[in-house]
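Only one structure is covered here, and it is reproduced in the block below.
The values are calculated or read from the model by the stated rules, or taken from the named source; none is laboratory data. Keep in mind it's a predicted model, so treat the numbers as computed, not measured. Here the Cβ positions follow ideal geometry from the backbone for every residue, glycine too, while neighbour counts run over all protein chains shown. Accessible surface areas use protein heavy atoms only, side chains included; no ligands, DNA or RNA. Shrake-Rupley method; radii C 1.70, N 1.55, O 1.52, S 1.80 Å.
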Amino acid sequence: MTDVKPLALVTGASSGIGLELARQLAERGYDLVVNAEEDTGLQQAALEIRTSGTAVHTVQADLRDYDGVERLVTTVAATGRPLDVAVLNAGVGRGGAFTDTDLADELGIVDLNVRSTVHLTKRVVRDMAARDEGRILITSSIASTMPGSYQAVYNASKSFLQSFTLALQNELKDTRVTLTSLMPGPTDTDFFHRADMDDTKVGRSDKDDPAQVAHQGLDALFAGQDKVVAGSAKTKARGLADKVLPDRLKSEAHRRMAEPGSGDAT
């Protein structure tokens, strides 16, 4: 029964936007291969999604590690089924002044957000191109459109993903393989807590619903759109403004939102 279903891969699927993407792909009739670094949340997510009759393969792996990515690719291949959708969502951030943050944390951002995405895309897109069929959703961010004061490496990593996705769109424009960039704004997930940004203005601000972000992202994916700024009307308006504001102003605005202590009451 599950053999007739298309197959989708979702990374970073144990919580937040990734979990919602996995849930909603199951609702749209896909079987899943899901990945996360943390196993307990991943298994709980898989149990929940399986109640709908969806087949879910779990792969606990740290995608900052080359072998972790390869283990995920091997699991997808072992299903013996073509991969119809790849959602490359895993990502991490770290707030704070670049002069103060640990080098290991910054390199971990590069390894997960950038390196693992390039690695996974290389592995899945060749098969899709050979079949002349497939869809890839890459979670970038509205942060990709602005210099990230106090999130310098994170924003730069998302700018890389934005450029990377747009370039591959052009390379594959004469095929039936599509790539879509998902660009959320601040979303109600554990991201800001894990990034040590609880005391910032953005960390304490109202945030978008991850289910809404995921829904808009998948709608854009299946419509073959190049990119989508996903979330509330406020986030979409911010995306429009960022197209015309100079980098100097965007950098200063980001500073006011992300500077450590900016969320403290005055």
Among Leu120, Leu161, Leu240, which one moves the most in a GNM of the chain with springs linking Cα atoms closer than 10 Å?
-> Leu240
Protein accessible area in the chain, 1.4 Å probe - carbon and sulfur % | 51
Heavy atoms of Tyr66 accessible to a 1.4 Å probe, total area in Å² rounded to 10 | 100
Averaged per residue, what accessible area in Å² does the range 38-136 show with a 1.4 Å probe, protein chains only?
-> 48
Per residue, the convex hull enclosing the alpha carbons of the range 172-241 has a volume in Å³ of 105
Spatial separation of Cα centroids for the range 189-232 and the range 99-154, in angstrom | 16
Taking a probe of 1.4 Å and leaving out DNA, RNA and ligands, the range 157-266 shows per residue an accessible area in Å² of 54
Using 0.36 nm per residue, how much length does the chain from Asp264 to Asp132 gain when fully extended, once their Cα-Cα distance is taken away?
-> 42.3 nm
Sorted by chain and number, the residues with a modelled amide H under 5 Å from that of Leu9, at a separation of 5 or more or across chains, are Val33, Val85, Ala86, Val87
FRET efficiency, Phe222 to Asp67 (Cβ-Cβ, R0 30 Å, nearest 0.05) = 0.40
With every protein chain left in place, what is the accessible area of Arg238 in Å² (1.4 Å probe, nearest 10)?
-> 90
What residues qualify as long-range amide H neighbours of Ala61, i.e. H under 5 Å apart, gap of 5 or more or another chain, H built at 1.01 Å from N?
-> Ala36, Glu37
Extension reserve of the Glu252-His215 stretch, reckoned as 0.36 nm per residue once the Cα distance is removed | 10.2 nm
Per DSSP, loop chymotrypsin sites (Phe, Trp or Tyr not before Pro) in the range 171-266 with at most 16 further Cβ within 10 Å | none
Highest first, please rank the peptides 43-52, 249-258, 96-105 by the mean number of other Cβ atoms sitting within 10 Å of their residues.
-> 249-258, 43-52, 96-105
Report the FRET efficiency, 1/(1 + (r/R0)^6), for Leu245 and Ala77, where r is their Cβ-Cβ distance and R0 is 51 Å, rounded to 0.05.
-> 0.70
